[in-house]
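Visitor: Quick one: the structure is below, questions incoming.
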Amino acid sequence: MGNYAIETVGLNFNFGNQVIVKNLSLQVPKGSIYGFLGPNGAGKTTTIKILLNLLKSPSDQVFIFGKEINSNRIASLKRIGALVEQPAIYGHLTGKENLINRCILLGIKKTKADEMLSLVGLAEAANKKAGKYSLGMKQRLGIAQALISDPELLLLDEPTNGLDPNGIIEVRNLMIDLATKHQKTILVSSHLLAEIERTATHVGIINKGQLLFQGTINELHLLSKPMLEIEVDKIDSASSLLTRSGYEIMAKTDRIITIPFTSSQKSGELNTLLIQNGFTVSSLYQQRKDLENLFLDITKTN
Amino acid sequence: MRALYISLVSEFYKSRKTLAFWAAILLPVIVCGLISFGFYSDAEKIIAKHYPPMILWAHYSGAALGVMGFLIMPFYVIFMAFSVNNIEHKNDTWKMLFAQPLNKFSIYAAKYLYAVLLIFICLFLFATLTYAFGHLLQVLIPKLNFNQYNPLNILVNSYAKLFLSSLGILSLQFILSLLWADFLKPMGIGFIGTIMGIITANVGWKYAYLNPYSLPTLALRITKVSKNTDPLEFPIFTQEIWTSLIYAVILFIVGYFIVTKKSIK
């Protein structure tokens, strides 16, 4: 229990009759970057709002650093910085004023505002009205707001939304920095697995309010069966040869044959077999089913 | 208490560049300025009427009070209640506000108090500027007899009544603006309420005081009646004021329960 920054125990949440979150048991270890994945409408944002006590959870189902959230609302919120959906920004105030307002609410020094602006690369736009910011700049200002109180736990709801590739990389590096150098715990939601794959140490996959997978990123990789892809000429005769020799063909295009990967030695034997029968093998490589497809598989069966 | 103070400071910080805040200052400056200018340019006629000093003050201050009490005040209150809440609706910042480590009551109470404060500032300036501009007119046109009567008591009493009698409307409009993000619903309801209030107050309906929107009109009407008898003797805490305060307190509490139940989707 003591090792989790966030723990939910059989969390259920409904809007009226509509079940949004069902028996959800998240376990976010301290110091991890936890990728919270799911398609749109899976219940990610609702879960994050529950973790911020914006939506009231049933008692004894949500724990932040081991403390029940409803009875420790203020103490819990003090340790959390959050970016939920679109960043909450006052359009008529400048970027700096938005941060100063946050400093006032949190009772921290106003000099923090400048520090955060340079951290997220908005120092030059500090005195520009935030309403005139581009989507990416707003997103960065939102991240600055989440970071300003130097919280131990960050909840970031699709933080790379609207960012250009450069911005995405910056946010990614910032997250890794925060987790490794500053020992923050980060829960980051996304509907793009590729996005999470690069940063997350742990992954939770949610669909229709249910947790379908939870574990480290390596455990997720293990779920995907490796395949052997063979690029070969005369593809039809090659595939009939392979079938005759007892190989199971998973997929075939006009250039590539895919079969399950068993071991490097077997791959070598297969290569020899093809060459001895007069085929030209231009490439032969082990391919893991990419996580994107795995993710689709996991969410589809639900 | 600290959370309440912090939230209040933040309310000021957020709104100091908006029309809602400046309206509290500009409205009295403009209205009192125009009336004083009118008196200044019409000084000859006014001097010719040989008003006694008290009646001169009554005419002069009544011009601002009349416009304010019957027409502008209810709409000003509606606008304040709207703008304090709209700043969060418009920017979609309710969720951020309630995710801060501050108790929800302080956040809500600070918003309400801030609206009360803006109305207070506005009316306080009305009273102060009426007094100051009256004396300024006296300096500019020495033939007027503003200096022979001290209107402070009557000004303070009238504006205090106007302030207290508008709190009922404020609480009601505050809830409406909390519930609906758009301007038309609270404004529409407020508009109908105000018209009904003015009508019921003016026809002297026995239960007119139960409509919060009629309370400023009722409160000021009694001021006017008393002016003909003894202007210094009218009580502040009349039935209208009590009704307004009771409405204000009950609706303030109701508003808090709405805030705590408000799902932030």
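Visitor: Which of the peptides A:208-217, B:195-204, B:122-131 is most tightly packed, and how do the rest follow, going by the mean number of other Cβ atoms within 10 Å of each residue? Could the numbers behind the result be given before it?
Guide: On the way: A:208-217: 17.7, B:195-204: 15.8, B:122-131: 21.2.
In descending order of packing, they fall as B:122-131, A:208-217, B:195-204.
Visitor: Let me ask you something else. Report, by chain and number, residues whose modeled amide H sits under 5 Å from the one on A:Ala82, excluding near sequence neighbours (fewer than 5 apart, same chain).
Guide: The answer is A:Leu155.
Visitor: By how many degrees, between 0 and 90 and to the nearest 10, does the Cα long axis of helix B:19-41 differ from the longest principal axis of chain B?
Guide: In chain B, helix B:19-41 runs at an angle near 10 degrees to the longest axis.
Visitor: Cα axis of helix B:73-91 to longest principal axis of chain B: angle in degrees, 0 to 90, nearest 10?
Guide: The answer is roughly 30 degrees.
Visitor: Further question on the same structure: Over chain A, what is the relative contact order in whole percent, taking alpha-carbon pairs under 8 Å and six or more residues apart? Present the calculation step by step, with values, prior to reporting the outcome.
Guide: Values: 554 pairs, mean separation 60.3, N = 302.
It rounds to 20 percent for chain A.
Visitor: Calculate how steeply helix B:2-15 sits against the longest principal axis of the alpha-carbon atoms of chain B, using the helix alpha-carbon long axis, and give the answer as 0 to 90 degrees to the nearest 10.
Guide: Once rounded, the angle reads 70 degrees.
Visitor: Let me ask something else about it. Hey, for a label at B:His59 modelled as a point 7 Å past Cα toward Cβ, could you say which residues of region B:150-177 have their backbone N under 20 Å away?
Guide: Taking a point 7 Å out along Cα→Cβ of B:His59, the residues of region B:150-177 whose backbone N falls under 20 Å are B:150-152, B:154-155.
Visitor: Kirkwood Rh over Cα pairs of region B:5-58 into Stokes-Einstein at 4 °C, 1.567 mPa s: D in µm²/s?
Guide: Working: Rh = 14.1 Å.
Reported coefficient: 92 µm²/s.
Visitor: Compute the normalised compactness of chain B: alpha-carbon radius of gyration over 2.2 N^0.38 Å, N being the residue count. Write down the numbers at each step before the final one.
Guide: Details: Rg = 20.0 Å, N = 265, 2.2 N^0.38 = 18.3 Å.
Here the Cα radius of gyration is 1.09 times the empirical estimate.
Visitor: If r is the Cβ-Cβ distance from A:Lys22 to B:Ile121 and R0 is 56 Å, what FRET efficiency results, to the nearest 0.05?
Guide: On the way: r = 51 Å, r/R0 = 0.92.
E(calc), rounded to 0.05, equals 0.65.
Visitor: Given 20 °C and 1.002 mPa s, how large is the Stokes-Einstein diffusion coefficient of region A:1-146 in µm²/s, with Rh as the Kirkwood radius over Cα pairs? Don't jump to the answer; show the numbers that get you there.
Guide: Values: Rh = 16.8 Å.
The Stokes-Einstein estimate is 128 µm²/s.
Visitor: Ranked highest first by average number of other Cβ atoms within 10 Å, how do A:97-104, A:230-237, A:19-26, B:170-177 line up? Kindly include the intermediate steps, with their values, before the conclusion.
Guide: Details: A:97-104: 22.5, A:230-237: 16.0, A:19-26: 18.8, B:170-177: 25.6.
In decreasing order of mean packing, A:97-104, A:230-237, A:19-26, B:170-177 become B:170-177, A:97-104, A:19-26, A:230-237.
Visitor: While we're looking at this one, here's another question. Once you charge only the Cβ atoms, +1 for Lys and Arg and -1 for Asp and Glu, what is the size of the charge dipole of region A:21-163 about its Cα centre, to the nearest 20 debye? Don't skip to the end; give the middle numbers.
Guide: Values: 19 positive and 11 negative charges, 54 e Å.
Its charge dipole is roughly 260 debye.
Visitor: Moving to a separate point now. In deg cm²/dmol, rounded to 500, what helix-only [θ] at 222 nm does chain B give when every DSSP H run of at least 4 residues adds -39500 (n - 2.57) and the total is split over its residues? Could you put the intermediate results ahead of the total?
Guide: Details: 11 runs with 202 residues, N = 265.
Taking each H run of at least 4 residues, the total per residue is -26000 deg cm²/dmol.
Visitor: Pop the C-beta distance of A:Val281 and A:Ala123 into the FRET formula with R0 = 60 Å and round what comes out to the nearest 0.05.
Guide: Numbers: r = 56 Å, r/R0 = 0.93.
Taking R0 as 60 Å, the efficiency between A:Val281 and A:Ala123 is 0.60.
Visitor: Ok, one more. Taking the alpha-carbon set of the protein assembly as shown, what are its Rg and Dmax in Å?
Guide: Spelled out, the Cα radius of gyration and Dmax of the protein assembly as shown are 34.0, 126 Å.
Visitor: In a Gaussian network model over chain B where Cα atoms closer than 10 Å are linked, find which of B:Ser41, B:Ser214, B:Ser165 has the largest mean-square fluctuation.
Guide: Maximum among the listed residues: B:Ser41.
Visitor: What is the spread of the Cα atoms of region A:226-289 along each of their three principal axes, largest first, in whole Å?
Guide: Cα spread of region A:226-289 along its principal axes, largest to smallest: 27, 23, 21 Å.
Visitor: Identify the residues of region B:1-43 with backbone N under 14 Å of a label point that sits 7 angstrom from the Cα of B:Phe105 along the Cα-to-Cβ direction, or state none.
Guide: Within reach of a label on B:Phe105, which here means backbone N under 14 Å from a point 7 Å along Cα→Cβ, region B:1-43 contributes B:1-5.
Visitor: Between B:Ala132 and B:Lys17, how high is the FRET efficiency from 1/(1 + (r/R0)^6) when r is the Cβ-Cβ distance and R₀ = 35 Å? Nearest 0.05. Walk me through the numbers on the way to the answer.
Guide: Values: r = 27 Å, r/R0 = 0.76.
Efficiency at R0 = 35 Å is approximately 0.85.
No lab work stands behind these numbers, since they all come straight from the coordinates. All of these numbers come straight from a predicted model, not from anything done at the bench. No Cβ is skipped: glycine too gets one built from the backbone with ideal geometry, and neighbour counts run over all protein chains shown.
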